[in-house]
Amino acid sequence: MSVHLPTLADASVTVAVSRDGSQQLADGVEARLRRVAVVESVESLALEGVQPGLNDLTVEVTTTLRVDPDAATDRATVAAALREPYAVSEATVTALRDDGREPPDEVADAA
């Protein structure tokens, strides 16, 4: 029997992105999210809204993030970790789920 740890987090987040960046808006949001300690990668990203500010843009996004399984103990913990950096002002995790991949051998052996 193998154990699948929740490694994907579906979330709605609000992210501040600099107005004078040279990258596309979605790329700027993804770069901000990848800097969060629990995020291993951004699996999907959908821009839902943009509010201009004086020096930045506030972007509302729905996303699926690959997160550190050790940090994915529950939705509230992941949401709090997403809000740690100053660039993320709001985060709601709607679901934690496994990605269906087989876990590493050391995890499967422990089961």
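The values are calculated or read from the model by the stated rules, or taken from the named source; none is laboratory data. As the structure is a computational prediction, the values presented were derived from the model and not from experiment. Neighbour counts run over all protein chains shown; Cβ positions are idealised from the backbone, glycine included.
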Practice item. For THR64, state whether it is modelled with pLDDT of 95 or more and surrounded by fewer than 17 Cβ atoms within 10 Å (Cβ to Cβ). Key: no
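Given the structure, is ARG75 over 23 Å from ASP99 (Cβ atoms) and under 12 Å from the mean Cα position of the chain (by Cα)? Lay out the reasoning, then the answer.
Working: over 23 Å from ASP99 (Cβ atoms): no; under 12 Å from the mean Cα position of the chain (by Cα): yes.
Against the criterion (over 23 Å from ASP99 (Cβ atoms) and under 12 Å from the mean Cα position of the chain (by Cα)), ARG75 does not qualify.
Looking at the stretch 80-102, which of its residues are of a type in the set (Gly, Ala, Ser) and either closer than 15 Å to ALA11 by Cα or surrounded by 15 or more Cβ atoms within 10 Å (Cβ to Cβ) (or both)?
So the first thing to find is which residues in the stretch 80-102 are of a type in the set (Gly, Ala, Ser), and the list is 80-81, 87, 89, 91, 95, 100.
Listed by number, the residues that qualify are ALA80, ALA81, ALA87, SER89, ALA91, ALA95.
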**Study point:** Condition broken by ALA79, with the remaining ones in (1) in a loop (DSSP other than H, G, I, E, B); (2) modelled with pLDDT of 95 or more satisfied
**Key:** (1)
Exercise for review: Return the residue satisfying two criteria in turn: it lies in the stretch 17-60 and is under 10 Å from the mean Cα position of the chain (by Cα), aliphatic (A, V, I, L, M) and in a strand (DSSP E or B), and of such residues it is surrounded by the most Cβ atoms within 10 Å (Cβ to Cβ).
Suggested key: VAL39
Exercise for review: Return the residue satisfying two criteria in turn: it lies in the stretch 82-93 and is hydrophobic (A, V, I, L, M, F, W, C) and assigned to a strand (DSSP E or B), and of such residues it is nearest to GLY53 (Cα to Cα).
Suggested key: VAL88
Point to revise | Breaking point among (1) more than 12 Å from the chain's Cα centre (by Cα); (2) over 13 Å from ALA87 (Cα atoms), for ALA9 | key: (1)
